[in-house]
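Step one of this worksheet: look at the structure below.
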Amino acid sequence: MRSIKNICCIGAGYVGGPTMSVIANKCPEINVTVVDINANRIAAWNDEDLDKLPVYEPGLKEIVAESRNKNLFFSTEVDKAIDEADMIFISVNTPTKTYGKGKGEAADLKYIELCARNIARVAKSDKIVVEKSTLPVRTAQAIKDILHNTGNGVKYEVLSNPEFLAEGTAIDDLLNADRVLIGGDDTPSGKEAKNILSGIYEHWLPKERVLQTNLWSSELSKLVANAFLAQRISSINSISALCEVTDANVAEVSKAIGKDSRIGPKFLNASVGFGGSCFQKDILNLVYICKTYGLTEVAEYWDQVIKINDYQKRRFAENIITTLYNTVSGKKIAFYGWAFKKDTNDTRESAAIYVADTLLEEQAEIVVYDPKVSEEQVYADLDYLNTRSEEENRKLVTVVNDPLKAAEDAHAVAILTEWDEFKALDWEQIYNSMFKPAFVFDGRRILDKQIMNQTGFDYYRIGEGK
Ligand code: UDX
Ligand code: UDX
Ligand code: ADP
């Protein structure tokens, strides 16, 4: 079997950066070069100050510190790294299309295609090309077509190796993966390529956790895994609405059903709605593929998962408006958290953005505190929606770096991200500094209802009557 000496990863983002750092760390005999066309990003990966890495993940900086400039390199020299590599991971972004056919649903594959063309142009020796980005089923075929039609005699094996890491726990998910999935052709050279990639993961994972499948099963499994996880959240969130109008408590329901080993306890936390770069995008992809094949009922079934998620975000915002006597105009509302979940600085598709947008339409004034998200990011997220002018967003929204300050003279605090530090805040001080009645809307169910009520708050949380 061929041995791999040089790996190149195209794309130094949330997926490529952490994954390659772990591979380099666990495979000291392999040189790993992560390349990106974004020079700022590469500079940040190379920053002496490890707190300036472009991705924040617990455990990441320690791993980068150990391996960087030994066998882990970050570079903008894309062509050179492709040329030298035996194995190339494609880990570029695949956002939902914002234009043309499939707008709002299909994945935009232009970055993937550019990568494939780049590899085809540069490669002089045989390569194993691994698709790491989340892609619609049958993208590998497109990559194959581009690579195989260049006529320069280079042999390619295309593998699908979807990423299952979750943000905030990326390093742990990589080091202790439930499974690694490797899809490829069942030809002798396809099998060899799958075994070579398996060998890399077997540096730190038991062999039985590395599953080999055909290309299409691997690509589809990634979409389906995310669709199932998101479906669980939408299912419990739909029940949270029912709990709020009955005397049931969604946490008790989750616990009770999760004890059934056929259901299991994970991903049953009711929330203000799921966010992140994957769930919505992957379901939209699944829906689009089903429609393409004429499977209307299947497409509608999965689309409902997104509809409930939108409903949940809207419901949370509307409850704030109704509870504040049907008007939030000119009222200050403190947002605790902007990231799509705790322990990450990522805000893509975060529920906070949409809740803020609804409240801003009612002319609320929003003061945001998030321990990891920058002011520029908050404004960029709101501007991207195009609901109102950039000036108006800056007029109505302020971002502060002190949670107590955010709550001063506020009519309400809304908890959008489940950061641990919110539990440890001095809620009595917060209460004293707010307008009365002082409302707290807990979209993550992280606070103690009894204590909050005793402190004097009018405390509401998702999935429970007052
Ligand atoms: C997800 C998948 O978990 C991961 O396997 C895949 O590779 C990428 O997509 P990620 O988006 O990073 O990972 O985060 P995840 O922890 O799955 O959370 C997604 C969203 O669901 C967050 O907004 C989170 O707050 C929300 N969530 C999660 C809930 O509302 N309730 C839950 O019980 C779990
Ligand atoms: C079900 C619940 O399992 C049980 O907890 C509840 O108290 C009563 O309802 P039951 O209807 O007896 O029990 O059978 P179950 O084994 O759950 O199967 C229900 C149906 O689902 C069957 O038709 C079964 O063939 C089908 N099924 C089950 C599938 O099609 N696929 C599966 O993976 C599992
Ligand atoms: P993900 O969450 O999938 O990792 P990111 O957006 O965080 O997505 O990262 C993808 C990275 O891929 C970006 O830094 C982007 O600059 C890079 N990228 C996109 N296209 C190319 C390309 N053709 N060559 C090199 N890098 C690319």
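The values are calculated or read from the model by the stated rules, or taken from the named source; none is laboratory data. Note that this is a predicted model, so its numbers are computed, not measured. Every residue, glycine among them, receives a Cβ derived from its backbone with ideal geometry; neighbour counts consider all protein chains shown.
Per-structure values
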read-out	value
Criterion (in a loop (DSSP other than H, G, I, E, B) and free of Cβ contacts under 8 Å to residues at least 12 places away in the same chain) met by exactly one of 260, 247, 178	260
Only one of 376, 362 that is touching a residue at least 40 places away in the same chain (Cβ under 8 Å), away from ligand 1 (no atom under 15 Å from the Cβ) and surrounded by fewer than 21 Cβ atoms within 10 Å (Cβ to Cβ)	362
Count of residues meeting criterion [hydrophobic (A, V, I, L, M, F, W, C), more than 15 Å from ligand 3 (Cβ to nearest atom) and more than 23 Å from residue 283 (Cα to Cα)] in the stretch 148-187	3
Criterion (closer than 18 Å to residue 313 by Cβ and small (Gly, Ala, Ser)) met by exactly one of 443, 465	443
Residues satisfying the stated conditions in the stretch 127-162, i.e. charged (D, E, K, R) and touching a residue at least 40 places away in the same chain (Cβ under 8 Å)	127, 131, 132, 138
Unmet criterion (only one of (1) within 16 Å of ligand 3 (Cβ to nearest atom); (2) outside any loop (DSSP other than H, G, I, E, B)) for residue 230	(1)
Candidates 352, 334 - the one that is within 22 Å of residue 244 (Cα to Cα) and in contact with a strand residue (DSSP E or B) (Cβ under 8 Å, 6 or more places away or on another chain)	352
Per-region count, the stretch 339-374, residues more than 15 Å from ligand 3 (Cβ to nearest atom) and among the hydroxyl-bearing types (Ser, Thr, Tyr)	4
Residue match in the stretch 429-442 (condition: aliphatic (A, V, I, L, M), closer than 25 Å to residue 244 by Cα and in contact (Cβ under 8 Å) with a residue 24 or more places away in the chain)	yes
Sole residue being of a type in the set (Val, Ile, Thr), assigned by TED's automatic domain parsing to the domain that holds residue 157 and in contact with a Lys or Arg (Cβ under 9 Å, 6 or more places away or on another chain), chosen from 112, 90, 42, 37	90
Selected residue (only one of 181, 174, 159 is within 12 Å of ligand 1 (Cβ to nearest atom) and over 23 Å from residue 54 (Cβ atoms))	181
Those residues of the stretch 55-68 which are away from ligand 1 (no atom under 16 Å from the Cβ) and not aliphatic (A, V, I, L, M), in sequence order	61, 62, 66, 67, 68
Residues satisfying the stated conditions in the stretch 222-239, i.e. of a type outside the set (A, V, I, L, M) and either within 11 Å of ligand 1 (Cβ to nearest atom) or under 14 Å from residue 287 (Cα atoms) (or both)	222, 226, 228, 231, 232, 234, 235, 237
Residue count, the stretch 404-456 (criterion: basic (Lys, Arg) and closer than 14 Å to residue 335 by Cβ)	2
Residue selected from the stretch 293-315 under the condition of a type outside the set (D, E, K, R) and in contact with a helix residue (DSSP H, G or I) (Cβ under 6 Å, 6 or more places away or on another chain), by the criterion surrounded by the fewest Cβ atoms within 10 Å (Cβ to Cβ)	298
Of all residues making up the stretch 143-172, the number that are in a helix (DSSP H, G or I), of a type in the set (A, V, I, L, M) and surrounded by fewer than 22 Cβ atoms within 10 Å (Cβ to Cβ)	3
Wholly enclosed helices (runs of 4 or more DSSP H) of the stretch 360-466 bearing at least 3 residues closer than 30 Å to residue 235 by Cβ	375-385, 449-455
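Matching residues to (1) free of Cβ contacts under 8 Å to residues at least 40 places away in the same chain; (2) under 26 Å from residue 14 (Cα atoms); (3) surrounded by fewer than 20 Cβ atoms within 10 Å (Cβ to Cβ):
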{"position": "319", "(1), (2), (3)": "no, no, yes"}
{"position": "322", "(1), (2), (3)": "yes, no, yes"}
{"position": "331", "(1), (2), (3)": "no, no, no"}
{"position": "335", "(1), (2), (3)": "no, yes, no"}
{"position": "340", "(1), (2), (3)": "no, yes, no"}
{"position": "352", "(1), (2), (3)": "no, yes, no"}
{"position": "355", "(1), (2), (3)": "no, yes, no"}
